[in-house]
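The values are calculated or read from the model by the stated rules, or taken from the named source; none is laboratory data. Please read these numbers as outputs of a predicted model, since none were measured by experiment. Backbone-built Cβ (ideal geometry, glycine too); neighbour counts: all protein chains shown.
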Amino acid sequence: MFENILSLREDILEALLQTGFMVAVSLITAVVIGGLFGILLYTTSSSHFYKNEIVRKITGLVLNIIRSVPFLILMILFLPLSKIIVGTKIGPEAVVVPLSIASIAFFARLAEASLSDVNNGIIEAAFSSGASKSRIIFSILIPEALPSIIRNITVTAISVLGFSAMAGLVGGGGLGDLAYRYGYQRYQTDIMLVCVIMLVVIVQLIQWIGDAVALKFDKKYQ
Amino acid sequence: MIDFQNVSVTFKQNRKTVEAVRNVSFQINDGDIFGIVGGSGAGKSTLLRTINQLQKVSEGNVIVDSKAVNNLKSTELRLLRQNVGMIFQHFNLAENKTVYQNIEFVLKVAGWKKNKIQSRISELLEFVKLSDKADTYPSKLSGGQKQRVSIARALANNTKILLCDEPTSALDAETTSSVLELLKKVNNDFGVTIVIITHELDVVKSICNKVVVMSDGKVVESGDVYSVFTNPQNDFTKQLIEHTNNFDIPAEITDIIKGPVLKLTYLGDNAVESILSDTAKEYNIRYNIIHGKIEYIASKPLGILYVNIIGEDKNIKLVVSALKEKTFSAEVIYNV
């Protein structure tokens, strides 16, 4: 039953690397840029910081629109942008662009929620000490929200992994694509099984690492 | 000195305009432990926050050390806040920072040099008796310990003013008194002016020297604590004080006693014992003491005694009027 695996072992390895590449790049972009959008959403809604309803509403609307579009459509829509940014419309490099955009919108909202959960009193105490807004954001707000942010990075990573499975449709490769092409289209069930098992393992691994790191940073309930 | 000059604060809440503070004027002198009391929604918390401008004023001026803080630019405002400490009901320590890091943050903000920070923090922790807790996270501390850390944090930059927002309302009675003792020590050892807002009159009684009573955004009574507590002028204040001073005579006692029950209040050195024995002889009546206590308000004693008078009606009338003259106040609170 497992005769196909041996002959395709190099393709499986390549697919694994492609998935890893797409998820890693998109996740890093999401955490950095999405995180900044999260900070923007939080600070424009708080009277302690830079309360600005117009900026907050416009940013929120743009992020919601991105989140409303099914990833498949988003991918096709943004492929021309991939051509401009990474110089190609196919392959994992091309998929990284729409994947990053979707992840940024996804993570921005989660980051905003994490920041909003920080006890307002702690922020007020920091202001009462005479600290500047930027110092409060980086030395109080983010460290206080960190365990929750890490949990939300975990959630984002697993969602990005799910999105990346659709990359095959534009020649992006990856484990999802391999499972579809060999496992489904060529009836090589063993390939499908291996791909699915690998994805399950990756998800478990991400969750396990995420939980462990979050717990390490969480001093609130220890 | 902190000087409130015709301060009003209004803000919009759910499209309604709320007048939280209305035309308030009073002064807090250097070295005072100044109480601001009132029920919830009286505007005391809002007023307190105008001192370090966590709350902007709508009208009037708040003068701190001869500067109108409501006109400060943001850099000047940060400098002011570095010199005015604040503690809170729920402590508001950063949860993911150790005790040491919480205090360190404030010192870094104030631009302390690295080599001085460490010695300052150990000095502060020694003062609040938590030297062994430097590397502990707040979640491992008791409420009283958390409040002591936040006092250390608030004083870290050698602040001369300490604002306290209901500092003991989340603490049990025993911890409350230890925190209040610490605040007294802060005032005494470092000459820090303390402004304390609370709904607990016991807090004011035990540590404040001056008090204002707020109701509905206005100051309804002010003065030194002893005179406000022993001789309240405003109805709201009277009600507030009655509430803590009153003693309900148990039904078991009211069932068996005959004659009136008097509540006698006497101040300071009034030796009530001899008044009672003298009047008993003079008017040929007997006293039955039901309840008595001595309260210390701003370190001065206030005695309260509930006595039942037994004797002939005409003598009772005479003795009541005699007692009214000889004690601070004597009122008949129960009569069969």
Looking at this structure, is B:THR193 farther than 21 Å from B:ILE28 by Cβ, polar (S, T, N, Q), in the same structural domain as B:GLY43 (by TED's automatic domain parsing) and touching a residue at least 24 places away in the same chain (Cβ under 8 Å)? no
Where a residue in region A:133-154 is of a type in the set (Gly, Ala, Ser) and its partner, wherever it lies, is assigned to a helix (DSSP H, G or I), with Cβ under 7 Å and at least six apart: A:SER139/B:PHE105; A:ALA145/A:SER114; A:ALA145/A:LEU115; A:SER148/A:SER114
Could you check region B:57-133 for helices (runs of 4 or more DSSP H) lying wholly inside it with 2 or more residues that are more than 14 Å from chain A (Cβ to nearest Cβ) and either under 30 Å from A:LEU146 (Cβ atoms) or of a type in the set (Asp, Glu) (or both)? B:114-127
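Condition check ((1) more than 14 Å from chain B (Cβ to nearest Cβ); (2) free of Cβ contacts under 8 Å to residues at least 12 places away in the same chain) across all residues:
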{"position": "A:LEU161", "(1), (2)": "yes, no"}
{"position": "A:TYR182", "(1), (2)": "yes, no"}
{"position": "A:GLN185", "(1), (2)": "yes, yes"}
{"position": "A:ASP190", "(1), (2)": "yes, no"}
{"position": "A:CYS195", "(1), (2)": "yes, no"}
{"position": "A:LEU199", "(1), (2)": "yes, no"}
{"position": "A:ILE202", "(1), (2)": "yes, no"}
{"position": "A:LEU205", "(1), (2)": "yes, yes"}
{"position": "A:LYS219", "(1), (2)": "no, yes"}
Output the residue which, of all residues in region B:147-164 that are more than 17 Å from B:GLY31 (Cα to Cα) and within 12 Å of chain A (Cβ to nearest Cβ), is surrounded by the most Cβ atoms within 10 Å (Cβ to Cβ). B:ARG153
Among the residues listed as A:ILE149, A:ILE137, the single one being within 18 Å of A:SER116 (Cα to Cα) and out of contact with any helix residue (DSSP H, G or I) (no Cβ under 6 Å at 6 or more places or on another chain): A:ILE137
When region A:133-142 is checked residue by residue, the ones that are over 23 Å from B:LEU155 (Cβ atoms) and crowded, with 20+ Cβ neighbours inside 10 Å are A:LEU141
A:LEU193 farther than 13 Å from A:MET22 by Cβ and among the aliphatic types (A, V, I, L, M): yes
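Say we look at region A:120-132 and pick out the residues that are more than 7 Å from chain B (Cβ to nearest Cβ) and surrounded by 15 or more Cβ atoms within 10 Å (Cβ to Cβ); which of these is nearest to B:LEU155 (Cα to Cα)?
Initial filter on region A:120-132 (more than 7 Å from chain B (Cβ to nearest Cβ)): A:120, A:123, A:126.
Now narrow it down to the ones that are surrounded by 15 or more Cβ atoms within 10 Å (Cβ to Cβ): A:123, A:126.
Details: A:ILE123: 18, A:ALA126: 14 Å.
In this case the residue turns out to be A:ALA126.
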How many residues does region A:1-58 hold that are over 29 Å from A:SER148 (Cα atoms) and among the charged types (D, E, K, R)? 5
Just one of the numbered conditions (1) in a loop (DSSP other than H, G, I, E, B); (2) of a type outside the set (D, E, K, R); (3) over 30 Å from A:LEU146 (Cα atoms) is not true of A:TYR221; which one? (3)
Please verify whether A:LEU77 is at pLDDT below 95, over 18 Å from A:GLU112 (Cβ atoms), within 18 Å of the chain's Cα centre (by Cα) and not charged (D, E, K, R), treating the condition exactly as stated. no
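Select from region A:136-152 the residues that are within 7 Å of chain B (Cβ to nearest Cβ) and farther than 18 Å from A:SER47 by Cβ and list them in ascending order.
Those that are within 7 Å of chain B (Cβ to nearest Cβ) and farther than 18 Å from A:SER47 by Cβ: A:SER139, A:PRO143, A:GLU144, A:LEU146.
Looking at region B:134-155 only, could you name the residues that are assigned to a loop (DSSP other than H, G, I, E, B) and touching a Lys or Arg at 6+ places or on another chain (Cβ under 9 Å)?
First, pick out the residues of region B:134-155 that are assigned to a loop (DSSP other than H, G, I, E, B): B:134-137, B:141-142.
Listed by number, the residues that qualify are B:TYR137, B:LEU141.
Scan region A:210-217 and tell me whether some residue there is in a helix (DSSP H, G or I), away from chain B (no Cβ under 14 Å) and in contact (Cβ under 8 Å) with a residue 12 or more places away in the chain. First the steps, then the outcome.
First, pick out the residues of region A:210-217 that are in a helix (DSSP H, G or I): A:210-217.
With away from chain B (no Cβ under 14 Å) added as a condition, the list becomes A:210-212.
Of the ones still in play, those that are also in contact (Cβ under 8 Å) with a residue 12 or more places away in the chain are A:210-211.
Scanning region A:210-217 turns up at least one residue that is in a helix (DSSP H, G or I), away from chain B (no Cβ under 14 Å) and in contact (Cβ under 8 Å) with a residue 12 or more places away in the chain.
With the condition kept exactly as written, say whether any residue in region B:180-195 is within 14 Å of another protein chain (Cβ to nearest Cβ), under 16 Å from the mean Cα position of the chain (by Cα) and of a type in the set (Val, Ile, Thr).
We begin by selecting, within region B:180-195, every residue within 14 Å of another protein chain (Cβ to nearest Cβ); these are B:195.
Restricting the remaining residues to those that are under 16 Å from the mean Cα position of the chain (by Cα) gives B:195.
In the following step, the residues that additionally are of a type in the set (Val, Ile, Thr) were identified as B:195.
Yes - at least one qualifying residue is present in region B:180-195.
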Quick one: how many residues across region B:38-56 are more than 12 Å from B:VAL195 (Cβ to Cβ) and not in a loop (DSSP other than H, G, I, E, B)? 1
Candidates B:ILE117, B:ILE87 - the one that is without any contact (Cβ under 8 Å) to a residue 24 or more places away in the chain and of a type in the set (Val, Ile, Thr): B:ILE117
